[in-house]
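Below is one structure, written out as structure tokens; comments come after it.
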Amino acid sequence: MTPQPPTTPAVNESPAPLSLDEAIQRDALDCVMCGICVPHCPTFSLSGNEADGPRGRISLMLGISQGDLLPDADVRRHLDTCLTCRACETVCPSGVQYGRLIDNGRARLAQAQTSAAQPRALARHWRLLRDQLLTRRRRMGAASGLYRAATRLGLGGLVRRLTGPLGRALPRHPATPSSQPGSTDTPTRGTVGLFVGCTGSAMNAPAGAAARQVMRAMGYRVVTPAAQACCGAMHAHGGEPAAARELRARNARVFSGAEVETIVVVGTACRAELGALETEHGIAVREITEWLLERASEEWPALGTLDQQVAVHTPCSQRNHLRAPGATRELLSRIPGLELVELDGNERCCGAAGLQALLYPDEAERLREPKLESIDRIQPDVVVSANVGCATHLAAGADLEVRQPVELIAKALAATKP
Ligand code: SF4
Ligand code: SF4
């Protein structure tokens, strides 16, 4: 067992940085091993193995940090398959900070001497995919444009079959960027910065356009800095906290330079990650759903009627990280005519979990199955999810488009026009 260098800083740590081992022990020793969290864990429900649940993972991380356990490939897999959904954290009576703990645990694995012990996200080909495609907005935009073209030619299924785990994660009906007209109202209420995300801007461009349109209609000037970077969530949850911090710092520079009052994010997972900008850089960050809910009713333009049944998916990042499980329903209840139905099993992760749908596609698809069955039962006109990753993962298995809530708000705005 190689001792942890005492100078290595842990994630989310200030003002006197602890070493990773110290930070792991601080959080892991809060656990009283009661097991209340275990039945709430989606990965435990898949395997029935205690080591695939929160209590087992906490024991593994504690053992590594105390030098009692070697981080071998088996240990790696148990820690790696955690979805960081934090369902365990929300039910823990001892207040164990599991999200922080697993991020530190993976950063600790990243220092292991053998690649077999490191997080799978750090394997060379996955890092290449993440760094050269998934976090590059232009390349992602070009790749998704090609995929849309292939789908229009009836070749979508072939592309999905030929591109391995990446293909399995692609939506059957990719969203088409729309050229929605911007509001002609004069912006008077302030300036907001729109964070569209790297995969989000490519896989769900209509959501960014809808957010822009709605915020303009409410009287805000919207800037979308071209130099904005990935939010860093894939890095933070994949054992690379320093890379995540650097990406946040870059976003802080970019958005501060644009002199925005608030960064408005499309997608709850990016929002959860960028929330650290508030404490680290003093910049306000909101997800578009929560930003809209914070607006006083006099700021709202009229919304037209939409006679649709909408199945609402609640991402873990919205439910457990942002602790706003009812936000999407509350927002959409403003639209006259909408019938809102909760997707069954919303308290369970859908399996998307950032890169997990690529790293462990079989497990991700097993976790998605109950959601697809629920969609089949409900037969809604549309499914909404406030997180781009979940929307993409659901749309890869369902035979319909999965929208962001703000897209329906934009549609209801348009419905007032003759
Ligand atoms: S974060 Fe989710 S998957 Fe990971 S241990 Fe907790 S409940 Fe299980
Ligand atoms: S509920 Fe909390 S204290 Fe109990 S086993 Fe889970 S993490 Fe530990």
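The values are calculated or read from the model by the stated rules, or taken from the named source; none is laboratory data. Treat the numbers as computed from the prediction; the structure is a model and nothing was measured. Cβ sites come from the backbone with ideal geometry, for glycine too, and all protein chains shown count toward neighbours. Ligands, DNA and RNA are excluded from the accessible area calculation, which covers all protein heavy atoms including side chains. Shrake-Rupley method; radii C 1.70, N 1.55, O 1.52, S 1.80 Å.
Here are the numbers:
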| read-out | value |
| --- | --- |
| Residue with peak Gaussian network fluctuation, the chain [Cα springs, cutoff 10 Å], from PRO93, PRO119, PRO315 | PRO93 |
| Ranked packing of 127-139, 70-82, most packed first, by mean Cβ within 10 Å | 70-82, 127-139 |
| Calculated Rg and Dmax of the chain using C-alpha coordinates, Å | 21.2, 71 |
| The chain: angle of helix 137-152 to the longest principal axis, Cα-based, in degrees nearest 10 | 60 degrees |
| Residue-averaged [θ]222 nm for the chain, counting only DSSP H segments that reach four residues, each worth -39500 (n - 2.57) | -13000 deg cm²/dmol |
| Projected-area mean, the stretch 298-414, by convex hull of Cα positions, square nanometres | 7.2 nm² |
| Solvent-accessible area, 1.4 Å probe, carbon plus sulfur percent, for the chain | 51 percent |
| Solvent-accessible area per residue, Å², over the chain with all protein chains present [probe radius 1.4 Å] | 42 Å² |
| Principal-axis tilt of helix 54-65 within the chain, Cα atoms, nearest 10 degrees | 50 degrees |
| log10 of Debye I(q)/I(0), alpha-carbon scatterers only, for the stretch 26-81 at 0.20 Å⁻¹ | -0.70 |
| Amide N of the stretch 18-36 lying under 15 Å from the label point, which is placed 7 angstrom from the Cα of GLN111 along Cα→Cβ | 18-26 |
| Helix axis angle, 241-257 relative to the chain longest principal axis, alpha carbon, degrees | 30 degrees |
